[in-house]
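The values are calculated or read from the model by the stated rules, or taken from the named source; none is laboratory data. Keep in mind that what you see is a predicted model, and the values were worked out from it rather than measured. Here the Cβ positions follow ideal geometry from the backbone for every residue, glycine too, while neighbour counts run over all protein chains shown.
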Amino acid sequence: MDKRDLGRLMACPWPVLISAQIVILAAIIALGWLTLLRHEWDAVVRLRMDVVQCERRVLELRRWRTAAPAAARLDRDIQRMSRQLAWYETMRRDPGAVIGILRPGSNGTFGWKEHEHNGESATARDWTIAVTTDYPSLEAMMRDLATQSGGRALRALRIARRDRFLQVEFTLAQTIGSGARYD
């Protein structure tokens, strides 16, 4: 810039000069603020990205929580399995425990016999139970037997009518544990 350009610039009316100075000063101030606020702006951008990631994670956890079984249901399943395992252990130690739940009725009788399978471990056993009872008592016995699974399954069932009573013979077979049979 030489003297002529400076003279022409000074010949401009004073409002134009003041406006030009204000624009230049505003640009310098804006650049200064942008330089100073750049770190804060980057922090705001990082914070927004963190918020988006947290929202995604919350949605993912909500989906997982709705897909996962409820704690109460898990507790019920654990209690049910514990009861079944305890019942199985009782039956393994004391085979007469299964007989204790069978009630042939007021005029009924029953007997039972345990069979070990040839060549198999002592835990692989069947029980043959013979019962003389009436129909309501038979129904109650079968219901009781079904609720106390404990590693036994009904393998065979024979029912014959004898006068006013039913002559029932059924075989319980081991289904879980060592030496289990799945027939």
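Is it the case that LEU9 is modelled with pLDDT under 85 and assigned to a helix (DSSP H, G or I)? It is true that LEU9 is modelled with pLDDT under 85 and assigned to a helix (DSSP H, G or I). Would you say ARG92 is under 30 Å from LYS113 (Cα atoms), out of contact with any Pro (no Cβ under 6 Å at 6 or more places or on another chain) and modelled with pLDDT under 85? So ARG92 passes the test. Of all residues in segment 39-94, those being part of a helix (DSSP H, G or I), closer than 26 Å to ALA146 by Cα and without any contact (Cβ under 8 Å) to a residue 24 or more places away in the chain number 16. Here ARG181 clears all of (1) within 33 Å of the chain's Cα centre (by Cα); (2) at pLDDT 65 or above; (3) of a type outside the set (A, V, I, L, M, F, W, C) except the condition numbered (2).
Filtering segment 71-84 to residues that are surrounded by 10 or more Cβ atoms within 10 Å (Cβ to Cβ) and at pLDDT 80 or above leaves ARG73, LEU74, ASP75, ARG76, ASP77, ILE78, GLN79, ARG80, MET81, SER82, ARG83.
Within the set THR175, THR133, the sole residue that is closer than 21 Å to THR90 by Cβ, modelled with pLDDT under 85 and not small (Gly, Ala, Ser) turns out to be THR175.
Out of ALA30, ALA11, ALA26, ALA68, one residue alone is loosely packed, with under 10 Cβ neighbours inside 10 Å and small (Gly, Ala, Ser). It is ALA11. Evaluated against (1) surrounded by 10 or more Cβ atoms within 10 Å (Cβ to Cβ); (2) at pLDDT below 80; (3) not acidic (Asp, Glu), LYS3 falls short on exactly one condition, (1).
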